[in-house]
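Engineer: Here's a structure for you.
The values are calculated or read from the model by the stated rules, or taken from the named source; none is laboratory data. Source: prediction; values computed, not measured. No Cβ is skipped: glycine too gets one built from the backbone with ideal geometry, and neighbour counts run over all protein chains shown.
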Amino acid sequence: MARHMSPALPLPAAAHLLSAEYPGEGSTMKLRVGLAQITPALGRLDRNLELCLEALAKARQEQVDLLLFPELSLTGYYLKDLVPTVAQRRDSPLLRRLADESRDLSFVVGLVEESPEHLYYNACCYFEEGALRHVHRKVYLPTYGIFDEHRYLARGDRVRTFDTKFGRLAMLLCEDLWHPSAAYLAWVGGARMILAPSSSPGRGVGDPERLGISSTWEAINRFYAKMFSLFVCFANRVGYEDGINFWGGSEVVGPDGGTVVKAEYLQDDFAVAAIDTAEVRRLRFFNTLLRDEDLALTLRELQRLAGERYA
Amino acid sequence: MARHMSPALPLPAAAHLLSAEYPGEGSTMKLRVGLAQITPALGRLDRNLELCLEALAKARQEQVDLLLFPELSLTGYYLKDLVPTVAQRRDSPLLRRLADESRDLSFVVGLVEESPEHLYYNACCYFEEGALRHVHRKVYLPTYGIFDEHRYLARGDRVRTFDTKFGRLAMLLCEDLWHPSAAYLAWVGGARMILAPSSSPGRGVGDPERLGISSTWEAINRFYAKMFSLFVCFANRVGYEDGINFWGGSEVVGPDGGTVVKAEYLQDDFAVAAIDTAEVRRLRFFNTLLRDEDLALTLRELQRLAGERYA
Amino acid sequence: MIRATEVNLTINTALVEKLLVGFVANEVRKVGMERVVVGISGGIDSALSTYIAAAALGRENVVGILMPYKTSNPESKEDALRVVGDLGIEHRVIDITPMIDAYFGAFPEADQMRRGNKMARERMTILYDQSAVARALVLGTSNKTELLLGYGTLYGDMASALNPIGDIYKTQVRQLAKAMGVPAPIVAKTPSADLWLGQSDEAELGFTYDEVDRLLYLYVDQRYSSEDLVEAGFDALFVARVAERVRANQFKRRPPLIAKVSERTIDRDFRYARDWGR
Amino acid sequence: MIRATEVNLTINTALVEKLLVGFVANEVRKVGMERVVVGISGGIDSALSTYIAAAALGRENVVGILMPYKTSNPESKEDALRVVGDLGIEHRVIDITPMIDAYFGAFPEADQMRRGNKMARERMTILYDQSAVARALVLGTSNKTELLLGYGTLYGDMASALNPIGDIYKTQVRQLAKAMGVPAPIVAKTPSADLWLGQSDEAELGFTYDEVDRLLYLYVDQRYSSEDLVEAGFDALFVARVAERVRANQFKRRPPLIAKVSERTIDRDFRYARDWGR
């Protein structure tokens, strides 16, 4: 494993200050990715921290190198007016406590972040070697159907990759993945894995195999994994909130579009995928889409569209 | 009055294609502005069109030159899932019918606009001399407290002034006025009147004089009118929807910050203000804020802030 | 920082009266109705709701229903009749004793709580039946304090078609009742649900409405935190008890939970105003 | 364009069963309870809800309440007892005749509609009382078809704490009931609210559940317009009647209207999940 680390974020400075020059960049490695498919309690930081610590203990037992929790794993999903009550600043005691836990094990938790301007973000935090290394604020806040995120939360304005022990990664939160532009930015930004914490509510029961929503998600994860030749690690929660179920089915999909590990539907689970990031390298012998991708063309055409729209 | 008109919008082309070069620009005139403080029925285009035609008839009796209806006057406010049902394309028969009504009388109505991409906007339409001359799509969709607009609607991305019989005007919808940046764009864009159709729900009953929300709104209207030396024409609706009242109190505020006309609170009303846009000219002898405004500085500093934020 | 002693719950009664009278007139007529029925208990809340309805719809369009039980305080009925007489509205007295006793005959062991809740629900069923007779809507009479504390019976006194006073605190109910001419003895008397003899709201709750309204106003309307409220001078245990009570009773303010399985579920992603098309 | 005849309401019964059983287990235990009470009418909806609850909580944690009226069809009681017997759950029979007759003794002129609604509400009051005895939640039994059409009694059979079947159509209730082992005669019999002798849902509604479910699915779940539905082959009058019925009954699916006056009003800008803190 590469031993040169990005510096810990100078709290609360922005994640984008991380250097893109990273010694050992491009080296590949084997690692064990864990998916903690839990049932957070709504608005109960205390109980959810316990769930988190239990899963970390289990991850240590199972020699996991990188553990993913679902979106809003520390808070529950349908927070509504509880948002400010459960929100955490980057320098909060709870986040320091979590950072301490990451000395021997990297992990991602979901929570509500309070910014210095007192805005609230649906965020996920990457902890590694005792520090908070990167924060992704959800960009695409679903506010339709069963969702009301924009009502309660501010919208993130960055999609950034960041360097870790395991190489360059990106995090995207749930709805972010439904916008191919966001996954595209992760890919072009050099991610070899997309970490995707989610809280996806179950619906659609006409399919003889599984929930309608699961089919859609599984197609999305496989599409990015295969087209972009990278790992997609999807950690989805379970449990019920106000009659709405979260369907689980967390998974790691490999750069060939194949399933590396799949957690159960509709119940607590803990899944571990032993992966080798050399697979990304090998598959990019065959898949030249990144090599052939014309960034300048895409950028130029987008600038033209924006110019026309806002003329 | 200036007789040279902007061309009718080539339907459904965007409003910003109107030429900014306008013969007679800067000439002042006297006119009568009417405020139709009505109670729309929720989701009933038929009944609201009748209300609209009644108010137009009354406006003709009272020699009104420019009549303002409230925000969403053709549809009612708490539409929720009715949004697509009541939405109108710019070439819809209903809009053509309204355009016909504007041969002798300019007016502004509020409605849900359906775009060619099937997006829905909270929009207001300026009709004049038999044609739809300008559409403003609400930019700031309140999605907090009693509001859920972002859930159902797409967000406008333009604040534009436009030329009319009465000189250059701007329209802003309700929450738009709470963003000083939007009023600033109208001012710098050359508007001599801000037309502000609204559906403001009543709340706050501790004030011995009036509703808390009325005080806030009246301060906002007076601030822009006086600081920017222009007319603010605020048409607010009345009635109740699902227990929420709309408080009325429509008004025209002059460029000296004084009230030209004020409609009743909490009941249907029809108010007429006889104004002279020469007042804008006269007050700008004293108020040199527009002359002194440093557009380049503001632009440069905003670009710097955006650059820092999105770096 | 706010001080507990500085909270001012004074309302502009003329304005609130106009808003609430307009609310009843508008929401009743919008559904093609002219009338309301209201359960008049003799207490201030139902009295105020009745005065608002009479101002909104005219006294001929308000039907008061008195629903005493055999152990109800006779003063309650007197006060209820005072409201009826003062406004000159139609009224009907329906004794709930036969229905309640018919039920609890089989459950003699039932405690006061069960009996009280059954009575509150029996009254609701009667109001709805009488509303069908009168071609009327059922007027609610729960104030904001009760709704927040969950101090009421779900599907009993908390059930109605429209509630003019659900957004004003008990303290503010008193101000408005006085301003609208509710008889002074009704405004002045000790609040009681009168579900059993000698019941007193404030004794049962363990605090006065004056105290709790100030607390609720800061906590709910102003969104101060529990910590802020203790700092403002409220007793920490009192704050904790009230906050927990508000939380634990959220179920009384929400519709039944429906298990979502489809793509469009009632009240989740099937959303229309109650006034849809009105 | 969709064709009326092509609508497929088949559900994955194994998956729906898992979701609904999980729903009941999770939502009941989350509030610190173990048990539910359910009114068992003898019809398919309450039978299915009971089977779901027994699978979720164990048969010892489900209490069935049978609440016949003197004119109820005796077959209803037999079918209800069949459910009780098949599952081996605790049950109680509470005859509502004394309470209902005590009330309508004073109103002999009352029509079937008034009587039926009063009975539905009486049953609700009993379920809530029995839930207090059993330290249990009240399980709802209204399906999506009934809720959308408003074919039920507000604060009567439509009232509950949690409803496992409120998001599946009557046609789908049949599929799931069959899959979960609800006795065949109950699955097969003619749907009836049994509020009066010989009542049949479909005769009263004027259309079959099969027809209306396909229509509702396209109109509500798929958001086709009335015009689309006529084009798809549905009768125009049928479409108009059902659409109007869905609209006009929206009030039964929404909480009471509260007149907003403050800065933060219950259910408008005071918003928390029912499961707040669970």
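Engineer: Do you know which of the residues in region C:225-278 that are more than 7 Å from every other protein chain (Cβ to nearest Cβ) and aromatic (Phe, Trp, Tyr) is surrounded by the most Cβ atoms within 10 Å (Cβ to Cβ)?
Structural biologist: Checked region C:225-278; the qualifying residue surrounded by the most Cβ atoms within 10 Å (Cβ to Cβ) is C:Phe234.
Engineer: In the set A:Leu153, A:Leu105, A:Leu72, A:Leu119, which member is hydrophobic (A, V, I, L, M, F, W, C), at positive phi and away from chain C (no Cβ under 14 Å)? Write out each step before concluding.
Structural biologist: Values: A:Leu153 fails: at positive phi; A:Leu105 fails: at positive phi; A:Leu119 fails: at positive phi.
None of the other options fit; the residue is A:Leu72.
Engineer: Then there's this: Return the pair list, or none, for Cβ contacts closer than 6 Å from residues in region A:138-150 that are farther than 15 Å from A:Gly76 by Cα to residues that are modelled with pLDDT of 95 or more and among the hydrophobic types (A, V, I, L, M, F, W, C), at least 6 apart or on different chains.
Structural biologist: The qualifying pairs are A:Lys138/A:Leu173; A:Leu141/A:Leu153; A:His150/A:Leu141.
Engineer: Out of region B:97-113, which residues are within 28 Å of B:Gly167 (Cβ to Cβ) and surrounded by 15 or more Cβ atoms within 10 Å (Cβ to Cβ)?
Structural biologist: B:Leu98, B:Ala99, B:Glu101, B:Ser102, B:Leu105, B:Ser106, B:Phe107, B:Val108, B:Val109, B:Gly110, B:Leu111, B:Glu113
Engineer: Filtering region C:130-167 down to residues that are β-branched (Val, Ile, Thr), closer than 25 Å to D:Leu127 by Cβ and in contact (Cβ under 8 Å) with a residue 40 or more places away in the chain, which residue is nearest to the other protein chains (Cβ to nearest Cβ)?
Structural biologist: Among those residues, the one meeting the criterion is C:Val138.
Engineer: Right, next: Being among the β-branched types (Val, Ile, Thr) and either over 30 Å from A:Glu149 (Cβ atoms) or over 24 Å from the mean Cα position of the chain (by Cα) (or both) is the filter here; which residues of region D:228-278 pass it?
Structural biologist: D:Val230, D:Val239, D:Val242, D:Ile258, D:Val261, D:Thr265, D:Ile266
Engineer: Taking region A:202-224, which residues are at the interface with another protein chain (Cβ under 8 Å from one of its Cβ atoms) and either in a loop (DSSP other than H, G, I, E, B) or buried (at least 22 other Cβ atoms within 10 Å of the Cβ) (or both)?
Structural biologist: Correct list: A:Gly202, A:Arg203, A:Gly204, A:Val205, A:Gly206, A:Asp207, A:Pro208, A:Glu209, A:Arg210, A:Leu211.
Engineer: For region A:15-48, how many residues meet the condition of being modelled with pLDDT under 95, out of contact with any Asp or Glu (no Cβ under 8 Å at 6 or more places or on another chain) and among the small types (Gly, Ala, Ser)?
Structural biologist: Counting residues in region A:15-48 that are modelled with pLDDT under 95, out of contact with any Asp or Glu (no Cβ under 8 Å at 6 or more places or on another chain) and among the small types (Gly, Ala, Ser) gives 4.
Engineer: Got a number for residues in region C:100-147 being touching a Pro at 6+ places or on another chain (Cβ under 7 Å) and surrounded by fewer than 24 Cβ atoms within 10 Å (Cβ to Cβ)?
Structural biologist: 1
Engineer: Mind checking which helices (runs of 4 or more DSSP H) fall wholly inside region D:180-277 and carry at least 3 residues that are touching a Gly at 6+ places or on another chain (Cβ under 9 Å)? Explain how you work it out, then say what you get.
Structural biologist: Working: elements: D:184-188, D:201-205, D:209-216, D:226-231, D:236-248.
Output list reads D:236-248.
Engineer: So how many residues does region C:173-189 have that are within 14 Å of another protein chain (Cβ to nearest Cβ) and over 13 Å from the mean Cα position of the chain (by Cα)?
Structural biologist: Here the count works out to 3.
Engineer: Out of all the residues in region D:1-56, which are assigned to a loop (DSSP other than H, G, I, E, B), within 12 Å of chain C (Cβ to nearest Cβ) and either within 19 Å of the chain's Cα centre (by Cα) or free of Cβ contacts under 8 Å to residues at least 24 places away in the same chain (or both)?
Structural biologist: Within region D:1-56, D:Leu9, D:Ile11, D:Asn12, D:Gly32 meet the criteria.
Engineer: Determine whether C:Gly116 is more than 10 Å from every other protein chain (Cβ to nearest Cβ) and modelled with pLDDT under 95.
Structural biologist: Values: more than 10 Å from every other protein chain (Cβ to nearest Cβ): yes; modelled with pLDDT under 95: no.
So C:Gly116 does not fit the description; no.
Engineer: I've got another one for you. One residue is enough: does region C:45-65 have a residue meeting the conditions charged (D, E, K, R) and buried (at least 19 other Cβ atoms within 10 Å of the Cβ)?
Structural biologist: As a first pass, look at region C:45-65 and keep what is charged (D, E, K, R): C:45, C:59-60.
Restricting the remaining residues to those that are buried (at least 19 other Cβ atoms within 10 Å of the Cβ) gives C:45.
Within region C:45-65 (the criterion being charged (D, E, K, R) and buried (at least 19 other Cβ atoms within 10 Å of the Cβ)), the answer is yes, since at least one residue qualifies.
Engineer: What residue, among those in region B:239-262 that are crowded, with 23+ Cβ neighbours inside 10 Å and in a loop (DSSP other than H, G, I, E, B), is farthest from the other protein chains (Cβ to nearest Cβ)?
Structural biologist: B:Pro255
Engineer: Looking at (1) part of a loop (DSSP other than H, G, I, E, B); (2) within 23 Å of B:Tyr120 (Cα to Cα); (3) in contact (Cβ under 8 Å) with a residue 40 or more places away in the chain, which one does B:Thr28 not meet, given that it meets all the others?
Structural biologist: (2)
Engineer: If you don't mind, another one. Let me spell it out: the conditions are (1) under 23 Å from B:Tyr310 (Cβ atoms); (2) surrounded by fewer than 16 Cβ atoms within 10 Å (Cβ to Cβ); (3) touching a helix residue (DSSP H, G or I) at 6+ places or on another chain (Cβ under 8 Å), and A:Leu119 meets all of them except one. Which number is the exception?
Structural biologist: The failed condition is (3).
Engineer: Report, by residue number, each residue of region A:184-201 that is of a type in the set (Ser, Thr, Tyr) and either within 14 Å of chain D (Cβ to nearest Cβ) or not in a helix (DSSP H, G or I) (or both).
Structural biologist: Correct list: A:Ser198, A:Ser199, A:Ser200.
Engineer: Could you please tell me which pairs satisfy a Cβ distance under 7 Å, a separation of 6+ or placement on different chains, a first residue in region C:182-203 that is farther than 26 Å from C:Ala53 by Cβ, and a second residue that is part of a helix (DSSP H, G or I)?
Structural biologist: C:Trp196/C:Gln112; C:Trp196/C:Gly116; C:Glu202/C:Tyr209
Engineer: Next question. Starting from residues that are in contact with a Pro (Cβ under 9 Å, 6 or more places away or on another chain) and outside any loop (DSSP other than H, G, I, E, B), keep the ones in region A:153-180 and report whichever is nearest to A:Phe107 (Cα to Cα).
Structural biologist: A:Met171
Engineer: Being facing chain D (nearest Cβ under 10 Å) and touching a Lys or Arg at 6+ places or on another chain (Cβ under 9 Å) is the filter here; which residues of region A:38-69 pass it? Even if it seems obvious, please write down each step before you answer.
Structural biologist: Residues of region A:38-69 that are facing chain D (nearest Cβ under 10 Å), as a first pass: A:39, A:41-44, A:47.
Selection gives A:Thr39, A:Ala41, A:Leu42, A:Gly43, A:Arg44.
Engineer: Which one of B:Leu195, B:Leu230 is touching a residue at least 60 places away in the same chain (Cβ under 8 Å) and on the phi < 0 side of the Ramachandran plot?
Structural biologist: Answer to the check: B:Leu195.
Engineer: Of all residues in region B:270-311, which are more than 14 Å from chain A (Cβ to nearest Cβ), part of a helix (DSSP H, G or I) and farther than 30 Å from B:Arg32 by Cα? Steps first, answer last, please.
Structural biologist: Just the residues of region B:270-311 that are more than 14 Å from chain A (Cβ to nearest Cβ), to begin with: B:270-304.
Within this subset, residues satisfying the condition of being part of a helix (DSSP H, G or I) are B:278-286, B:289-292, B:295-304.
B:Asp292, B:Leu295, B:Ala296, B:Leu297, B:Thr298, B:Leu299, B:Arg300, B:Glu301, B:Leu302, B:Gln303, B:Arg304, listed by residue number.
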